[in-house]
Amino acid sequence: MRNETARSDMRGDSDLAKWWMAIAGIALLGAGLLGFIDNPIVGRSTNALFATDNIHNIVHILTGAIALYIAFGLNGDARANGTIGFGVLYAVVFLALLVSPTLFGLFTVPVNAGDHVLHAALAVVSLAVGYMARDRETGRATA
């Protein structure tokens, strides 16, 4: 009975990584697609909650696809490590955009505070969930 509970707990963190990456992927895909339509949430408008341009929207679509691949195309340690890698990617994005809000001229619309908060949150939560899942997957091998 104890091993069954331990396996359930270990599977839970891997499932948490799966669902976190699925939610992040769907949200990023949605933001990327929504950015191509004039709206107050995501786009070129100075009043938009998240300032983006076409290149930024494409980056959201690509990273959303990566997140969905991590969620549904990887398992176990690979999913945990993919989630950590995704967190590292967004930490680098966060830091690069703090230094240059136009990503060194790649974006025509500079990112705003909402973008910074979102990028930091994606990094921190992905790193935390990935490390929790990896610890559990590693623990499973020795249990």
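The values are calculated or read from the model by the stated rules, or taken from the named source; none is laboratory data. Remember, it's a predicted structure, so these values are computed and weren't measured experimentally. Every residue, glycine among them, receives a Cβ derived from its backbone with ideal geometry; neighbour counts consider all protein chains shown.
Across the stretch 108-118, a minimum of one residue is classified as in contact (Cβ under 8 Å) with a residue 24 or more places away in the chain and under 14 Å from the mean Cα position of the chain (by Cα). The number of residues in the stretch 36-66 being over 12 Å from the mean Cα position of the chain (by Cα) and more than 18 Å from L97 (Cα to Cα) comes to 8.
Looking across the stretch 26-52, the residues that are part of a loop (DSSP other than H, G, I, E, B) and surrounded by 18 or more Cβ atoms within 10 Å (Cβ to Cβ) come down to G35, A48, T52.
Going by the structure shown, is I70 in contact with a Gly (Cβ under 8 Å, 6 or more places away or on another chain) and not in a helix (DSSP H, G or I)? Give the derivation first.
On the way: in contact with a Gly (Cβ under 8 Å, 6 or more places away or on another chain): yes; not in a helix (DSSP H, G or I): no.
No.
Out of the residues in the stretch 73-106 meeting the condition of being in a helix (DSSP H, G or I) and of a type in the set (S, T, Y), tell me which one is surrounded by the fewest Cβ atoms within 10 Å (Cβ to Cβ).
Out of the qualifying residues, it is Y90.
Among residues of the stretch 90-114 being touching a helix residue (DSSP H, G or I) at 6+ places or on another chain (Cβ under 6 Å) and not aliphatic (A, V, I, L, M), the one that is nearest to H56 (Cα to Cα) is F107. For the structure I just gave you, tell me whether R140 is out of contact with any Phe, Trp or Tyr (no Cβ under 7 Å at 6 or more places or on another chain), at pLDDT below 95 and over 25 Å from F36 (Cα atoms). The answer is yes for R140. For the stretch 1-17, a residue qualifies if it is at pLDDT 90 or above and crowded, with 21+ Cβ neighbours inside 10 Å, and exactly one does: A17.
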